[in-house]
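Asker: Sharing a structure below in structure tokens format, with a few things to ask.
The values are calculated or read from the model by the stated rules, or taken from the named source; none is laboratory data. Quantities reported herein were computed from a predicted structural model and do not represent experimental measurements. As a convention, Cβ positions derive from the backbone with ideal geometry for all residues, glycine included, and neighbour counts pool all protein chains shown.
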Amino acid sequence: MTTAHITGFPRIGAQRELKFAVEQFWKGEIDESALAQTGNSLRRQHWEWQKEAGLDFVAVGDFAWYDQMLNASALLGALPARFGFDAKNLSLKQYFELARGNTAQPAQEMTKWFDTNYHYLVPELDENSDFAGGVDWFFYEIEEARSLGHTVKPVLPGPLTFLYLAKAKSDSKEQAAFDKLSLLPKVLQAYNRILERLAKLGVEWLQLDEPILGLDLEREWLAAFEPAYRSLANTGPKILLATYFESVSTHAALLRDLPVAGVHLDLVRAPQQLDVFAANWPNSKVLSLGVVDGRNIWVSDLSAILARLQAHRGSNIWLSTSCSLLHVPVDLAQEIKLDDELKGWLAFAKQKLQEISVLKRALNGADVSDELAKNAAKVASRKASPRIHNPAVSARIASLSDADARRHAIFATRQAEQRARFNLPPLPTTTIGSFPQTKEIRAARAAFKKGTLAQAEYISQMQAEIRLAVGKQEALGIDVLVHGEAERNDMVEYFGEQLSGFAFTQFGWVQSYGSRCVKPPVLFGDVSRPTPMTVEWTQYAQSLTQKPMKGMLTGPVTILQWSFVRDDQPRSVTTQQIALAIRDEVVDLETAGIGIIQIDEPAFREGLPLKKSDWAAYLDWAAAAFRISASGVANQTQIHTHMCYSEFNDILPAIAAMDADVITIETSRSDMELLTGFGTFKYPNEVGPGVYDIHSPRIPPVEDMLRLIAKAAEVVPVEQLWVNPDCGLKTRNWPETEAALANMLEATRQARQHLSQYGRLPEFAALTAKPYVNGSCACK
């Protein structure tokens, strides 16, 4: 009989209950007990849905208050030593301080989870990390699920993936390069303790996620799998080793021979690997087939899946999602405003449970003909719908030439014209785009959408917020201003709402990081821009100041990556369609007198294939799409882009090929480490490395930001440097925003003073020992 399970379920709740409870806890509006009750309710609901769908296990351990990698760090006792927390007695308040920072310590570094828009907290390890064990939350949740009568399959990051994704940290330069693999014996001791405890609880199966097997893994890491899993083989539950996001067919022999009870494959991303594994798979070992898409929301073609699976029926076959359902919204049933045709094309997490159920029952001999017929009608409806294709868009794509993806002059020529136009001081200051989205802003936008606030009044209120943002920036002394984006709900949703080919949900939320949730647009058809989207708001903001006002746009790759994208044509073609729509907006902004335009691409690296052999093709079309969006303007119009929370060093040639005049990047959490590659590569254009982390409520002091400016100048020539925060400020409040920006401006003033007096910035080493005191330099 075929077994059915999932690899993980969304944790935020159908109505974002977890988000709101966590934020209330942060504000002191509820206590830890009330927050715990919200978590209990969500877990119980999600387990019940899995049971009702007829799955053979419920996933436990996929719940996290903030992030599953942070949970693993807390479980293993591998917390950053700099915080001084006792892992065994970690409170929720301390747990959140690890994620968000406190007055004494910045937050742990955060980066993208493989090629998704989910961000995880990077574990910090040093040579003294002991993995002596931490909080018992994982085991409590298992006991909780079992007490409700559920058969559990706990889920944890695998030991090698945890270690590989961690960061080696040390205060000593001599220790900075220690080999993380040297910690593997300690990590395995910790996992064995977990396995022993699970055995005592009567747990039969444990899922260990090892998605790093989808990467181009270094030889020594690959070689570590066999001894690592041999050390875990006889301790406790059967192990299901889960891979996802990429083919692992090159490791088929390794996985076949590993001493684990089963292996999970992502057959949505890499369907071809099934034949490789099935050809020589032992009957004694489970092969879990991820056939339902865990990352997109289109209804599965169940008949096609069944036809593929017929040849692989057997007792050792399990059915599942391709990866955790963390990446899709919770429940389509809430979407009462979507038209019936479009809604029929979609399946959210709860509906995907039913898809797995139908497949399981079909393979086990049940009559599911009615359900298969309904599914087939939905699949056919989508393929035949006239809403998908626009001949005018296709014709424009066909007419694209190389000249459409190239600025009129090289950067040096553009830079000279731009400097003459704007006459900015050394180390020009700016922000990334958004300012605090207050409850008043959100209330006005919600009322306008509901029709209870007239358009004229809504525009008036948003203009008042723009005046406020511009006035505060003028008072602070920022050089290049932004309008604050008060009118925007989300940097992708706002544009998708005004582009053809997109649809929107009411409750299609997914977690991006912590309590931050996004509602990706549904990109179902050809894309075009019917009318200007930002011009009037930006023109109004520019009318309030003599300083340059940046036009703020989201780039084509990011709109693609942060949408649920159609799967009936190459992603490169869809990106070109978006790029042409953004190009139209860029040209209209320039015509309206806006001289600096930022086209954000924070998801540029996120789209990078996991296998390096596939990188070149992606980077070519992604960089070209950005250039298409940016190349319709004159030399003196300055194009900015922004990227955040990604490792850039291995794709710097492609970033340079985007040919933005200025790139701003997140670097503060990495203490400018992410900037190092820009200097080694000799990045040709201008760079704005972030000098403070906007994802933390911590307000960094002047000397911290001055140190980062000086550290950046050791890597990038000072004449190429800008000063800015890491990212947009929409999630912060005004008091902390103003305080942090005031410190940023003061740090810049002191840096300029030193530059003017000595012809250079203060040395980083001297700054570390002797920061500026009373506004004067103590590090000559």
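Asker: How many residues does the range 108-125 hold that are out of contact with any His (no Cβ under 9 Å at 6 or more places or on another chain) and part of a loop (DSSP other than H, G, I, E, B)?
Answerer: Going through the range 108-125 one residue at a time, the tally reaches 6.
Table: residues versus (1) hydrophobic (A, V, I, L, M, F, W, C); (2) more than 25 Å from Lys169 (Cβ to Cβ).
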{"site": "Thr676", "(1), (2)": "no, no"}
{"site": "Pro717", "(1), (2)": "no, yes"}
{"site": "Gly728", "(1), (2)": "no, yes"}
{"site": "Tyr758", "(1), (2)": "no, yes"}
{"site": "Phe764", "(1), (2)": "yes, no"}
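Asker: Before we move on, is Val187 of a type in the set (A, V, I, L, M), in the same structural domain as Ser320 (by TED's automatic domain parsing), in a loop (DSSP other than H, G, I, E, B) and in contact with a helix residue (DSSP H, G or I) (Cβ under 6 Å, 6 or more places away or on another chain)?
Answerer: Here the answer is no, as Val187 does not meet what is asked.
Asker: Next question. Being not assigned by TED's automatic domain parsing to the domain that holds Met491 and not hydroxyl-bearing (Ser, Thr, Tyr): is that true of His754 here?
Answerer: For His754, the condition - not assigned by TED's automatic domain parsing to the domain that holds Met491 and not hydroxyl-bearing (Ser, Thr, Tyr) - is met.
Asker: Select, from Leu326, Leu338, Leu359, the only residue that is touching a residue at least 24 places away in the same chain (Cβ under 8 Å), buried (at least 20 other Cβ atoms within 10 Å of the Cβ) and under 21 Å from Phe564 (Cα atoms).
Answerer: Among Leu326, Leu338, Leu359, only Leu326 is touching a residue at least 24 places away in the same chain (Cβ under 8 Å), buried (at least 20 other Cβ atoms within 10 Å of the Cβ) and under 21 Å from Phe564 (Cα atoms).
Asker: Would you call Phe25 buried (at least 16 other Cβ atoms within 10 Å of the Cβ) and either hydroxyl-bearing (Ser, Thr, Tyr) or in contact with a Leu (Cβ under 7 Å, 6 or more places away or on another chain) (or both)?
Answerer: yes
Asker: Of the numbered conditions (1) under 26 Å from His264 (Cα atoms); (2) buried (at least 17 other Cβ atoms within 10 Å of the Cβ); (3) out of contact with any helix residue (DSSP H, G or I) (no Cβ under 9 Å at 6 or more places or on another chain), Tyr118 fails exactly one; give the number of that condition.
Answerer: It is condition (3) that Tyr118 fails.
Asker: Could you please find all residues in the range 246-291 being of a type in the set (S, T, N, Q) and within 16 Å of Ile212 (Cα to Cα)?
Answerer: Ser247, Ser249, Thr250 - these are the residues of the range 246-291 that are of a type in the set (S, T, N, Q) and within 16 Å of Ile212 (Cα to Cα).
Asker: Any idea which residue in the range 445-487 is nearest to Gln638 (Cα to Cα), counting only those that are of a type in the set (Lys, Arg) and modelled with pLDDT under 95?
Answerer: That would be Arg445.
Asker: Please go through the range 163-203 and give me each residue that is of a type in the set (A, V, I, L, M), within 25 Å of the chain's Cα centre (by Cα) and modelled with pLDDT under 95, ordered by number.
Answerer: Passing the criteria: only Ala168.
Asker: Now a separate question. Filter the range 243-260 down to the residues that are part of a helix (DSSP H, G or I) and not aliphatic (A, V, I, L, M) and list them by number.
Answerer: Listed by number, the residues that qualify are Ser249, Thr250, His251, Arg256, Asp257.
Asker: Here's another thing I want to ask about it. Is the range 491-503 home to any residue that is farther than 24 Å from Thr575 by Cα and in contact (Cβ under 8 Å) with a residue 40 or more places away in the chain?
Answerer: no
Asker: Quick one: which of Leu160, Leu156, Leu206 is in a helix (DSSP H, G or I) and modelled with pLDDT of 95 or more?
Answerer: Leu160
Asker: Being within 15 Å of His46 (Cα to Cα) and not in a helix (DSSP H, G or I), is that true of even one residue in the range 351-359?
Answerer: No, the range 351-359 has no match at all.
Asker: I'm checking my understanding of the structure. Among residues of the range 1-31 that are over 20 Å from Lys519 (Cα atoms), in contact (Cβ under 8 Å) with a residue 60 or more places away in the chain and not in a helix (DSSP H, G or I), which one is nearest to the chain's Cα centre (by Cα)?
Answerer: The selected residue is Thr7.
Asker: Same structure, new question: Please return the ranges of helices (runs of 4 or more DSSP H) entirely within the range 362-440 where 3 or more residues are within 33 Å of the chain's Cα centre (by Cα) and closer than 30 Å to Ile305 by Cα.
Answerer: 369-384
Asker: Also, I was wondering about something else. Look at the range 261-307 and say how many of its residues are of a type in the set (D, E, K, R) and not in a loop (DSSP other than H, G, I, E, B).
Answerer: 2
Per-residue answers, yes or no, for (1) touching a helix residue (DSSP H, G or I) at 6+ places or on another chain (Cβ under 7 Å); (2) surrounded by 15 or more Cβ atoms within 10 Å (Cβ to Cβ); (3) in a loop (DSSP other than H, G, I, E, B):
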| site | (1), (2), (3) |
| --- | --- |
| Gln37 | no, no, no |
| Ser41 | no, no, no |
| Ala64 | yes, yes, yes |
| Arg82 | no, no, no |
| Asn102 | no, yes, yes |
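Asker: Here's another thing I want to ask about it. Is there any pair linking a residue in the range 225-239 that is farther than 17 Å from Leu201 by Cβ to one that is not in a helix (DSSP H, G or I), with Cβ under 6 Å and at least six apart or on different chains, and which?
Answerer: Note: pairs meeting the criteria are Tyr229/Leu258; Tyr229/Pro259; Tyr229/Val260; Arg230/Pro259; Ala233/Pro259.
Asker: For the subset of the range 665-692 comprising residues that are of a type in the set (Asp, Glu) and touching a residue at least 40 places away in the same chain (Cβ under 8 Å), which member is surrounded by the most Cβ atoms within 10 Å (Cβ to Cβ)?
Answerer: Among those that are of a type in the set (Asp, Glu) and touching a residue at least 40 places away in the same chain (Cβ under 8 Å), it is Glu666.
Asker: Residues to consider are Glu493, Glu485; find the one that is crowded, with 24+ Cβ neighbours inside 10 Å and acidic (Asp, Glu).
Answerer: Criteria check complete, one pass: Glu485.
Asker: Hey, can you tell me all the residues within the range 314-330 that are within 31 Å of the chain's Cα centre (by Cα) and in a loop (DSSP other than H, G, I, E, B)?
Answerer: Ser322, Cys323, Ser324, Val328, Pro329, Val330
Asker: If you don't mind, another one. Go through the range 451-462 and give me each residue that's part of a helix (DSSP H, G or I) and either surrounded by fewer than 18 Cβ atoms within 10 Å (Cβ to Cβ) or touching a His at 6+ places or on another chain (Cβ under 7 Å) (or both).
Answerer: Selection gives Gln455, Ala456, Glu457, Tyr458, Ile459, Ser460.
Asker: Take the residues in the range 303-327 that are at pLDDT below 90 and small (Gly, Ala, Ser); name whichever of them is farthest from Val286 (Cα to Cα).
Answerer: Ala311
This table checks each residue for (1) acidic (Asp, Glu); (2) under 21 Å from Asp614 (Cβ atoms); (3) surrounded by 23 or more Cβ atoms within 10 Å (Cβ to Cβ); (4) touching a residue at least 12 places away in the same chain (Cβ under 8 Å).
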site: Tyr540; (1), (2), (3), (4): no, no, no, yes
site: Gln546; (1), (2), (3), (4): no, no, no, no
site: Trp562; (1), (2), (3), (4): no, yes, yes, yes
site: Arg566; (1), (2), (3), (4): no, yes, no, yes
site: Thr591; (1), (2), (3), (4): no, no, no, no
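Asker: Moving on. Residue check, Ala311 against (1) outside any loop (DSSP other than H, G, I, E, B); (2) buried (at least 19 other Cβ atoms within 10 Å of the Cβ), all met but one. Which one?
Answerer: Every listed condition holds for Ala311 apart from (2).
Asker: For Gln720, all conditions in the list (1) crowded, with 20+ Cβ neighbours inside 10 Å; (2) polar (S, T, N, Q); (3) closer than 17 Å to Thr430 by Cα hold save one; what is the number of the exception?
Answerer: Here Gln720 clears every test but (1).
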